[in-house]
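**Q** Right, I'll just put the structure down here and ask away after.
The values are calculated or read from the model by the stated rules, or taken from the named source; none is laboratory data. In this text, all values refer to a predicted model and were calculated from it rather than measured experimentally. Note that we place each Cβ from the backbone using ideal geometry, even for glycine, and neighbour counts take in every protein chain shown. Each accessible area value is taken on the protein alone, full model and side chains, heavy atoms only, with ligands, DNA and RNA left out. Shrake-Rupley method; radii C 1.70, N 1.55, O 1.52, S 1.80 Å.
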Amino acid sequence: MRVALLIVLCVATAHAEPITEPQPIVGFRVRGVTKLRQRTLGFLAHLEKGELVSDASIPKIVADLISSELFKKVEVTLERAPGGVLVLATLVDKHSWFAAPTLYLLGERRAVGVGFIENNLAGYNQKLLFYGQYGSHESILFLTYFDPCVSGTPFTWRFDIYGYRRILDE
């Protein structure tokens with residue numbers, strides 16, 4: 001029993017070797033209670049494949065991920081891999097969406113509506129805002145979509161849709 005325990009401790013210690021010399025990043029891995037995609041991890045951590053990192057880089061990577069305000073908890077480790085290291089992030093997401101109904105009553109004017117906000121659409125750090133209202137005199141439709149990193153490039157993409165209907169009864 002003692003020999004087995006000693007072997008387990010030796011194996012666990014062997015895998016926990018610190019990475020003191022900068023190594024190139026060969027990939028990203030995401031674990032934990034999160035919907036974040038692996039390609040988005042590099043964007044949020046301001047890292048690219050081939051960039052040199054070591055254990056000394058971990059506090060900066062953690063700070064960059066926390067500054068996105070998408071996660072309750074962030075843990076980052078570097079794992080040795082053929083040709084370099086993998087950046088392994090264990091994440092716990094914050095609640096990323098919100099929906100609410102609206103009601104407007106003023107004299108003869110009445111309206112009902114609904115609003116929806118998503119801050120991490122499909123795990124790609126995309127933003128979506130929707131508001132729709134149908135009323136007796138005025139109706140509104142508002143939709144905004146924003147992608148801060150189109151397919152992993154530094155380009156952003158945004159579109160807005162506005163609709164407005166008004167009935168004049170003068």
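**Q** Provide the net charge surrounding Tyr104, with neighbours chosen by a C-beta distance below 10 Å and charges set as Lys +1, Arg +1, Asp -1, Glu -1.
**A** +1
**Q** Another one. If you place +1 on the Cβ of every Lys and Arg, -1 on the Cβ of every Asp and Glu, and leave all else neutral, what size is the dipole of the chain about its Cα centre, to the nearest 20 Debye?
**A** 400
**Q** Bin width 5 Å, origin at 0, all Cα-Cα pairs of segment 81-162: what percent of pairs per bin?
**A** Binned Cα distances yield the sequence 3, 12, 16, 14, 15, 11, 9, 7, 5, 3, 2, 2, 1, 0, 0.
**Q** Please tell me the relative contact order of the chain in percent, rounded to the nearest whole number, where contacts are Cα pairs under 8 Å and at least six residues apart.
**A** Across the chain, relative contact order equals 16 percent.
**Q** Quick one: Debye curve from the C-alpha atoms of the chain, no solvent, what's log10 I(q)/I(0) at q = 0.12, 0.16 Å⁻¹?
**A** Summing over Cα pairs of the chain leads to -0.70, -0.97.
**Q** Would you check the accessible area of Thr90, probe 1.4 Å, heavy atoms only, in square angstrom rounded to 10?
**A** 50
**Q** Exactly which GluC sites (Glu not before Pro) in segment 51-151 are in a DSSP loop and have at most 12 other Cβ atoms within 10 Å?
**A** Passing both the DSSP loop test and the Cβ count: Glu69, Glu108.
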